[in-house]
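Input: a single structure, listed below in structure tokens.
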Amino acid sequence: MTEATKDAIEKLILDSYIAGETSLREVAAICNTDHHRVKRVLEKYKVPIVSAKRKPFSQEHRKNLSEALMGRSSWTKGRKMPKESLYKNMATHLRFEVEWEWLSEYEDIEKLKFLNRSITNRDRRWEMSTKEYKAFIEKFYHCERFNTLYVKWKVSDNKYMKPSIDHIVPKSKGVDNKLENLQFLTWFENRCKNNLSQEEWDVIKQNIGDYLINV
């Protein structure tokens, strides 16, 4: 893309955006780009970004949108995002201060995404520092046990076999998220283990027949 083309797109974005009225996605549709780029351009020119008020779609508005987008292919059609961009995007969205170059050392990006999702912090369960996060990734990315579970789940596509992070000694017994207290089990085994310690759970597993009913 030439500089002239970039300038033209940026001008169109700036002309199309009305703070509080047009959303980033609406501008992206008009300019045949994506809303992330719209945001970057607005930030570049220090244009205040104000959330657009949600308004009902009138028949006329639907018609205008349909005509504007008719025959226009998606900006992503036929494009494959370079792996470097995937790592940069991941670094941007992580809550930890890590460089994309560090993330790129882990070649299997899908496995890396899985480990990241395992410690999402929506419910405040996985508070950890950047140092602790890096140690977590380093340990489990190369962990033979985790990799065995991960590959079996990917091959089987069985939700009960999905790797699930577990506290060896439950948090309910006063132990926190220290790395040495974490392990991966299958989703099924993790649900069965519940709030037992690993030692207690091992005893039950050795005598599992006592806990099952043969019909």
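The table below lists the values:
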{"item": "Filtered residue count, region 185-215, keeping only those that are farther than 22 Å from L149 by Cα and among the small types (G, A, S)", "result": "1"}
{"item": "Residues satisfying the stated conditions in region 19-32, i.e. at pLDDT below 85 and not in a helix (DSSP H, G or I)", "result": "A19, G20, E21, T22, N32"}
{"item": "Single unsatisfied condition, V169 versus (1) of a type in the set (A, V, I, L, M); (2) surrounded by 13 or more Cβ atoms within 10 Å (Cβ to Cβ); (3) closer than 21 Å to Y106 by Cα", "result": "(3)"}
{"item": "Some residue of region 47-63 being touching a Lys or Arg at 6+ places or on another chain (Cβ under 9 Å) and modelled with pLDDT of 85 or more", "result": "yes"}
{"item": "Residues of region 126-162 that turn out to be free of Cβ contacts under 8 Å to residues at least 40 places away in the same chain, in a loop (DSSP other than H, G, I, E, B) and loosely packed, with under 12 Cβ neighbours inside 10 Å, as a count", "result": "3"}
{"item": "Any hit, region 176-186, residues being under 22 Å from M90 (Cα atoms), surrounded by 15 or more Cβ atoms within 10 Å (Cβ to Cβ) and not acidic (D, E)", "result": "no"}
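The values are calculated or read from the model by the stated rules, or taken from the named source; none is laboratory data. Note that the structure is predicted; figures quoted are calculated from it, not measured. FYI the Cβ positions are ideal-geometry reconstructions off the backbone, even for glycines, and counts take in every protein chain you see.
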